[in-house]
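This report concerns only the one structure given below.
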Amino acid sequence: MPEPLMAAPDSPLRLLPKVELHCHVEGTARAATVAELAAKHGIPLGVDDPDDLYTYESLADFLNAFGTVCSVFLEPADFHRLAYEAAEDAAAAGTRYREMFFSPGFHLDRGVPFHRMWEGLVSGIADGETDHGVRTRLILDVDKPKGIGPAMALLEVARSLDRDLLIGVGGDSTEQGLDHHMFEPLIAEAQQLGLKTCFHCGEDGPAENIAIMVEAGIDRIDHGTRLLDLPDLTKRVVDERIPLTSCPGSNVEIGVVESLEAHPFVDQRAAGALVTLNSDDPTFFRYDLADEYERMSATFDLDMAEMVAIRDNAIEASWLDETDKAALRAEFAAS
């Protein structure tokens, strides 16, 4: 296999208008921004070069780095900058619409009130859409290892938030040692509130975790790398068109799979799954969504028509209503 490529500025795959469904706003933080805010707030990063934060060999290493990066965002202006720069970088990758996670737990643990992060994210997203044409909606991400109590407490906060902007609730972090049955009440309550639901599962844990969340009525599966381990589950996911937000590059970087060539993305598509392509944490992994498209196209010899079909899967899998999906398809067709 050829070495996977990065997308040049004039690459057709970079210029292709895209939808992204699995990206963490904290995972878009630029190293230079982290360094500036750390200096501003007097926060030690533990490294001389902030770029060194973005090096790891496992999910545990990644989560430690993620926490350090989160520590520099303290004021509404910091979160505004984070969201605004996320939109600017997304536009450079050809992203036009994004459903993006934010992780309150990492900030609340450091004493940052929820309203500060929310105020900054809301204004940054609005300005990013005005200036860069990237429409963004948010998914409140709970930290699974903290358990169901803090997760339900965050859901209570979500009751009062703008539902045009907050569209879903998700669950992030490691699966190790967690019984995912505990999150069934969270899924049920979120859906009663009219919020969509998704969970990271089958990433660093078994396909059985996917099965638990599917049985709980999850709307979308994040990662789902181990799905094909269970044929009956695969058939259900295919038959019910439950989307997967796949992040192959991320899975390679943290050691979930050995290489892009070994990733099940293409096999999941061949099985009929509604699988989408996403960057997860673009600055942490040093490539954006356009790069991810370029790398997967080169690795699996996928032509432009196939890459467009993958992009169109993301429109279908999004939480836009059917009118907005039709409008987005028309906009992309005219591009």
>> Just to be sure I understand, how many residues within the stretch 43-69 are assigned to a helix (DSSP H, G or I) and either more than 16 Å from the chain's Cα centre (by Cα) or small (G, A, S) (or both)?
In response: 12
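Hey, among the residues in the stretch 165-186 that are farther than 21 Å from L320 by Cβ and aliphatic (A, V, I, L, M), which one's surrounded by the fewest Cβ atoms within 10 Å (Cβ to Cβ)?
Checking each candidate, the answer is M182.
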>> Need the failing condition index for L13 against (1) at pLDDT 95 or above; (2) surrounded by 23 or more Cβ atoms within 10 Å (Cβ to Cβ); (3) within 24 Å of V142 (Cα to Cα), just the number.
In response: (3)
> Quick one: which of Y97, Y84 is within 16 Å of E20 (Cβ to Cβ), surrounded by 16 or more Cβ atoms within 10 Å (Cβ to Cβ) and in contact (Cβ under 8 Å) with a residue 12 or more places away in the chain?
Replying inline: Y97
>> Condition check: closer than 15 Å to E253 by Cβ and more than 20 Å from the chain's Cα centre (by Cα). Does T299 satisfy that?
In response: yes
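Residue under question is P264, and the condition is that it be in contact (Cβ under 8 Å) with a residue 24 or more places away in the chain and in contact with a Ser or Thr (Cβ under 8 Å, 6 or more places away or on another chain); does it hold?
Spelling it out, P264 is indeed in contact (Cβ under 8 Å) with a residue 24 or more places away in the chain and in contact with a Ser or Thr (Cβ under 8 Å, 6 or more places away or on another chain).
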>> Return the pair list, or none, for Cβ contacts closer than 7 Å from residues in the stretch 104-118 that are closer than 16 Å to I43 by Cα to residues that are assigned to a loop (DSSP other than H, G, I, E, B) and not polar (S, T, N, Q), at least 6 apart or on different chains.
In response: H107/F73; V112/L74
> If a residue has to be among the basic types (K, R) and either free of Cβ contacts under 8 Å to residues at least 12 places away in the same chain or surrounded by fewer than 21 Cβ atoms within 10 Å (Cβ to Cβ) (or both) to count, how many in the stretch 18-61 make the cut?
Replying inline: 2
>> I need a count of the residues in the stretch 231-268 that are among the hydrophobic types (A, V, I, L, M, F, W, C), under 22 Å from M6 (Cβ atoms) and not in a loop (DSSP other than H, G, I, E, B).
In response: 3
>> Can you find a residue that is without any contact (Cβ under 8 Å) to a residue 12 or more places away in the chain, surrounded by fewer than 18 Cβ atoms within 10 Å (Cβ to Cβ) and over 13 Å from the mean Cα position of the chain (by Cα) anywhere in the stretch 279-293?
In response: no
>> Considering only residues that are closer than 23 Å to D219 by Cα and among the hydroxyl-bearing types (S, T, Y), which ones fall in the stretch 260-311?
In response: T276, S279
>> Looking only at residues that are small (G, A, S), in contact with a strand residue (DSSP E or B) (Cβ under 8 Å, 6 or more places away or on another chain) and assigned to a helix (DSSP H, G or I) in the stretch 279-335, which one is farthest from H200 (Cα to Cα)?
In response: A290
>> Would you confirm whether or not the stretch 199-213 contains a residue that is over 20 Å from E316 (Cα atoms), touching a residue at least 40 places away in the same chain (Cβ under 8 Å) and either surrounded by fewer than 15 Cβ atoms within 10 Å (Cβ to Cβ) or acidic (D, E) (or both)?
In response: yes
>> With the requirement that a residue be of a type in the set (A, V, I, L, M) and closer than 19 Å to P145 by Cα, what does the stretch 161-184 give you?
In response: V169, L178, M182
> Do we find that E261 is over 29 Å from L195 (Cα atoms), surrounded by fewer than 21 Cβ atoms within 10 Å (Cβ to Cβ) and at pLDDT 95 or above in this structure?
Replying inline: yes
> Residue check, T245 against (1) within 18 Å of the chain's Cα centre (by Cα); (2) polar (S, T, N, Q); (3) more than 20 Å from K144 (Cβ to Cβ), all met but one. Which one?
Replying inline: (3)
> Is there a residue in the stretch 269-278 that is at pLDDT 95 or above, of a type in the set (S, T, Y), part of a helix (DSSP H, G or I) and closer than 30 Å to D61 by Cβ?
Replying inline: no
> Residues of the stretch 14-42 being closer than 30 Å to N313 by Cα, in a loop (DSSP other than H, G, I, E, B) and of a type in the set (G, A, S), which ones?
Replying inline: A29
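The values are calculated or read from the model by the stated rules, or taken from the named source; none is laboratory data. Note that the structure is predicted; figures quoted are calculated from it, not measured. Cβ sites come from the backbone with ideal geometry, for glycine too, and all protein chains shown count toward neighbours.
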